[in-house]
Amino acid sequence: MDKSLETNSKSPNSCATSSILRIQDPNDLRMVFEKFDSDGDGKISSSELRSMRQSRGAQGSEEEVELMMRAVDLDGDGSISLEEFSSVTTKERDPGSCLEDLRGAFGVFDRDRNGLISAEELHRVLGEMGESASLADCRAMIDVFFIRRVMGL
């Protein structure tokens, strides 16, 4: 069996019934927020949002970024606070939107579009995101995923 992360399109509603895309641990939420907040000022600006989207391969217009900002910037101050970010990332999602987002996120890592995420692809994308994981670390992450999948965990 190939030890790569694999898509599973057999269960389109599974992400809606589980919390797979909902960040529930406050520490995890803060880590994700801090990835967006590149200058560390405690707010996500439209330029930080645009940069993060571009680093993940998202194509989009300035208008799309501004629409996203307006949808999340609940107090209208022109930036996204941790609280605003939290309210968006922890709310329930409809199954279609959830699956679409999950496939999009998977596609960022699956560079050769073969339906698998290899340790090399994981290493490359994590490096582009500023993470300092070695190729050996990425292989270990894939191994842990593989072991959990085989054991049903």
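The values are calculated or read from the model by the stated rules, or taken from the named source; none is laboratory data. This is a predicted model, so every value here is computed, not measured. Cβ atoms come from the backbone with ideal geometry, glycine included; neighbour counts cover every protein chain shown. Protein only, heavy atoms only, side chains kept; ligands, DNA and RNA dropped before computing areas. Shrake-Rupley method; radii C 1.70, N 1.55, O 1.52, S 1.80 Å.
Brief remarks follow.
- Search result, residues across the range 79-119 that are at pLDDT below 75 and assigned to a loop (DSSP other than H, G, I, E, B): T90, K91, E92, R93, D94
- Residue check for M151: modelled with pLDDT under 85, more than 24 Å from L49 (Cβ to Cβ) and open to solvent by 50 Å² or more (accessible area, probe 1.4 Å): yes
- Test for L74: is it closer than 24 Å to N27 by Cβ, more than 17 Å from the chain's Cα centre (by Cα), modelled with pLDDT under 85 and open to solvent by 70 Å² or more (accessible area, probe 1.4 Å): no
- Of all residues in the range 6-50, those that are among the hydroxyl-bearing types (S, T, Y), modelled with pLDDT of 85 or more and exposed (fewer than 14 other Cβ atoms within 10 Å of the Cβ) total 1.
- Output for the range 110-123, where each listed residue is of a type outside the set (D, E, K, R) and surrounded by fewer than 17 Cβ atoms within 10 Å (Cβ to Cβ): N114, G115
- L126 being modelled with pLDDT of 85 or more, touching a strand residue (DSSP E or B) at 6+ places or on another chain (Cβ under 8 Å) and open to solvent by less than 30 Å² (accessible area, probe 1.4 Å): no
- Among the conditions (1) under 19 Å from D28 (Cα atoms); (2) open to solvent by 50 Å² or more (accessible area, probe 1.4 Å); (3) at pLDDT 85 or above, the only one that A133 does not satisfy is (2).
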